[in-house]
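Structure first, commentary second.
The values are calculated or read from the model by the stated rules, or taken from the named source; none is laboratory data. Given the structure is predicted, the values throughout are model-derived calculations rather than measurements. Here the Cβ is made from the backbone with ideal geometry for all residues, glycine too, and neighbour counts use every protein chain on show.
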Amino acid sequence: MNPIYVDQKEILKRYRPIDAQTHKGIQGHALIIAGSYGKIGAAVLASKGCLKTGCGLVTAFVPKCGYQILQMTIPEVMVLTDMEKKHLSTIAFDIKPQAVGIGPGIGQKEVTQKALQEFLITNSIPLVIDADALNILSKNKSWLTLLPSKTILTPHPKELERLIGEWDSEEEKFEKTIAFSLHYDVIVVMKGAPTHIIDAEKVYRNTTGNAALATAGSGDVLTGIITSLLAQSYEPINAAVLGAYLHGLTADIALPETGHQSFIASDIIKYLGKAFLSITESKL
């Protein structure tokens, strides 16, 4: 395995500066499907991360219990609600997003699993799948064939193990993940230290990030970041690679101010602007 190192030089090949003549209608519309009772914070983090990565419009689809929380916490994000109060039961919407991020905090109730299956059967919109949606797929692996080509999966190590099975060595882990990516035609963002992105037989090794990212909600923000880039018409592999790079870069920039212990997931969102600036300034 000879990974492609995702450094600033590699990112500059993939990053697209914002057009000075753009407007919100052509900056992409992303849908974040997330949250359940007690875990609406996951929807907040993913939605705000999505918005702060440059998406023109962001809509959150949440259980009814999340409506006021989203409207009051992020007034810039539009909100649709499920019929159920505490969990997702039917994923239905009348908007036309360019990308969907699904999974953070949705839980694994039977009715939610069924809702995910029904959504996948009819969906053709580019997808980012994370957290509980990954765990549901692990329990129902035949549903993996329903995913659109180049769907982006963002598992942490335990979620990855549930998807591909146990491994005895790093080499076997990569072999299994590559085989999984090839078989289902998906991109796998293997979250870790460092994060690797697997696209068929191509392996990308991210060079940003530090231990500060080992904090609750970090993955929810990453889902929002990647979904945002996908909605802005980045190719899936570029959205995954650039998203992982930006996510890690926020922690590198923040570290002198926060240290490892005091950095939280909201700080990823807070430092996204400086992360983008560091890319754009190096492009000048």
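Looking only at region 20-51, count how many residues are part of a helix (DSSP H, G or I) and within 21 Å of residue 93 (Cβ to Cβ).
Residues of region 20-51 part of a helix (DSSP H, G or I): 24-26, 40-51.
Going one step further and asking which of them are within 21 Å of residue 93 (Cβ to Cβ), we end up with 24-26, 40, 42-51.
Number of matching residues: 14.
Listed here are the residues, each with its yes/no results for (1) in contact (Cβ under 8 Å) with a residue 40 or more places away in the chain; (2) farther than 27 Å from residue 113 by Cα; (3) of a type outside the set (Val, Ile, Thr); (4) in a strand (DSSP E or B).
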{"site": "1", "(1), (2), (3), (4)": "yes, yes, yes, no"}
{"site": "9", "(1), (2), (3), (4)": "no, yes, yes, no"}
{"site": "12", "(1), (2), (3), (4)": "yes, yes, yes, no"}
{"site": "18", "(1), (2), (3), (4)": "no, yes, no, no"}
{"site": "53", "(1), (2), (3), (4)": "yes, yes, no, no"}
{"site": "61", "(1), (2), (3), (4)": "no, no, yes, yes"}
{"site": "75", "(1), (2), (3), (4)": "no, yes, yes, no"}
{"site": "85", "(1), (2), (3), (4)": "yes, no, yes, no"}
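Rundown of residues vs (1) crowded, with 24+ Cβ neighbours inside 10 Å; (2) within 25 Å of residue 247 (Cα to Cα), yes/no style:
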site	(1), (2)
50	yes, yes
53	yes, yes
56	no, yes
63	yes, no
67	no, no
88	yes, no
101	yes, yes
111	no, no
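Working only within region 1-52, note down all residues that are of a type in the set (S, T, N, Q) and over 30 Å from residue 109 (Cβ atoms).
As a first pass, look at region 1-52 and keep what is of a type in the set (S, T, N, Q): 2, 8, 21-22, 27, 36, 47.
Answer for region 1-52, where residues must be of a type in the set (S, T, N, Q) and over 30 Å from residue 109 (Cβ atoms): 2, 8, 21, 22, 27.
If a residue must be of a type outside the set (A, V, I, L, M, F, W, C) and crowded, with 24+ Cβ neighbours inside 10 Å, how many such residues does region 219-247 contain? Walk me through it before giving the result.
Initial filter on region 219-247 (of a type outside the set (A, V, I, L, M, F, W, C)): 219-220, 223-224, 227-228, 232-236, 238, 243, 245, 247.
With crowded, with 24+ Cβ neighbours inside 10 Å added as a condition, the list becomes 219-220, 223-224, 227-228, 243, 245, 247.
Qualifying residue count, region 219-247: 9.
For every residue, the table says whether it meets (1) in contact with a helix residue (DSSP H, G or I) (Cβ under 7 Å, 6 or more places away or on another chain); (2) modelled with pLDDT under 95; (3) among the hydrophobic types (A, V, I, L, M, F, W, C).
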residue: 59; (1), (2), (3): no, no, no
residue: 66; (1), (2), (3): yes, no, no
residue: 86; (1), (2), (3): yes, no, no
residue: 93; (1), (2), (3): no, no, yes
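Residues are listed down the side, and each one gets a yes or a no for (1) closer than 29 Å to residue 29 by Cβ; (2) of a type in the set (Gly, Ala, Ser):
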{"position": "191", "(1), (2)": "yes, no"}
{"position": "214", "(1), (2)": "no, yes"}
{"position": "221", "(1), (2)": "yes, no"}
{"position": "224", "(1), (2)": "yes, yes"}
{"position": "230", "(1), (2)": "yes, no"}
{"position": "236", "(1), (2)": "yes, no"}
{"position": "248", "(1), (2)": "yes, yes"}
{"position": "256", "(1), (2)": "no, no"}
{"position": "273", "(1), (2)": "yes, yes"}
